[in-house]
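Written out below as structure tokens is the structure these notes cover.
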Amino acid sequence: MHVKEIAIRVIVGGVVVSVFALLGDLLKPKSFAGLFGAAPSVALATLFLTVATNGQEFARVEARSMILGAVAFFVYASVVSRLLVRRKLPVLPVTSLAMTLWLVCAFGAWYGLLR
């Protein structure tokens, strides 16, 4: 990677993260700030830079992969929250086993839809 490309990545990533952090600060309740501070901003910055360096076709494949990963994470988060809140099960076993579910969902979706 060239120094110029690294500098562009840092600037674009910083600007996108800052915009999403500002959006999170403007929303109520403040618990939304975390939702807008990390993953969406990093994903958008990554896609922007991928389009700039590798083209739209490559970025489209990456975006589909991100969407499938997000769906798999939603399944994970739903199962974990249900088991922790409603059943009051211990955190470590629930999250450890649910990570297996996350991987199965993510790789299953990849195998079934993107391969």
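The values are calculated or read from the model by the stated rules, or taken from the named source; none is laboratory data. Here the structure is a predicted model, which is why all the values come from computation and not from measurement. We place every Cβ from the backbone using ideal geometry, glycine too, and count neighbours over all the protein chains shown. Just the protein is used for accessible areas: all its heavy atoms, side chains included, with ligands, DNA and RNA removed. Shrake-Rupley method; radii C 1.70, N 1.55, O 1.52, S 1.80 Å.
Before we move on, is residue 32 open to solvent by 50 Å² or more (accessible area, probe 1.4 Å), out of contact with any Lys or Arg (no Cβ under 6 Å at 6 or more places or on another chain), at pLDDT below 75 and part of a helix (DSSP H, G or I)? Considered against the rule, which asks whether it is open to solvent by 50 Å² or more (accessible area, probe 1.4 Å), out of contact with any Lys or Arg (no Cβ under 6 Å at 6 or more places or on another chain), at pLDDT below 75 and part of a helix (DSSP H, G or I), residue 32 comes out as yes.
Quick check: anything in the stretch 84-103 closer than 23 Å to residue 17 by Cβ, open to solvent by 50 Å² or more (accessible area, probe 1.4 Å), touching a residue at least 12 places away in the same chain (Cβ under 8 Å) and not β-branched (Val, Ile, Thr)?
Within the stretch 84-103, the first condition is being closer than 23 Å to residue 17 by Cβ, and the residues that meet it are none.
Checking the stretch 84-103: not a single residue is closer than 23 Å to residue 17 by Cβ, open to solvent by 50 Å² or more (accessible area, probe 1.4 Å), touching a residue at least 12 places away in the same chain (Cβ under 8 Å) and not β-branched (Val, Ile, Thr).
Name the residue that is nearest to the chain's Cα centre (by Cα), counting only residues in the stretch 63-83 that are of a type outside the set (A, V, I, L, M, F, W, C) and open to solvent by less than 70 Å² (accessible area, probe 1.4 Å).
69
You will find that of 68, 49, the residue that is under 30 Å from residue 6 (Cα atoms) and modelled with pLDDT under 90 is 49 and no other.
Checking the conditions here, which among 81, 41, 65 is in contact (Cβ under 8 Å) with a residue 40 or more places away in the chain and among the polar types (S, T, N, Q)?
Numbers: 81 fails: in contact (Cβ under 8 Å) with a residue 40 or more places away in the chain; 41 fails: in contact (Cβ under 8 Å) with a residue 40 or more places away in the chain.
The conditions single out 65.
Taken together, the criteria exclude residue 48 from residues that are in a helix (DSSP H, G or I) and loosely packed, with under 15 Cβ neighbours inside 10 Å.
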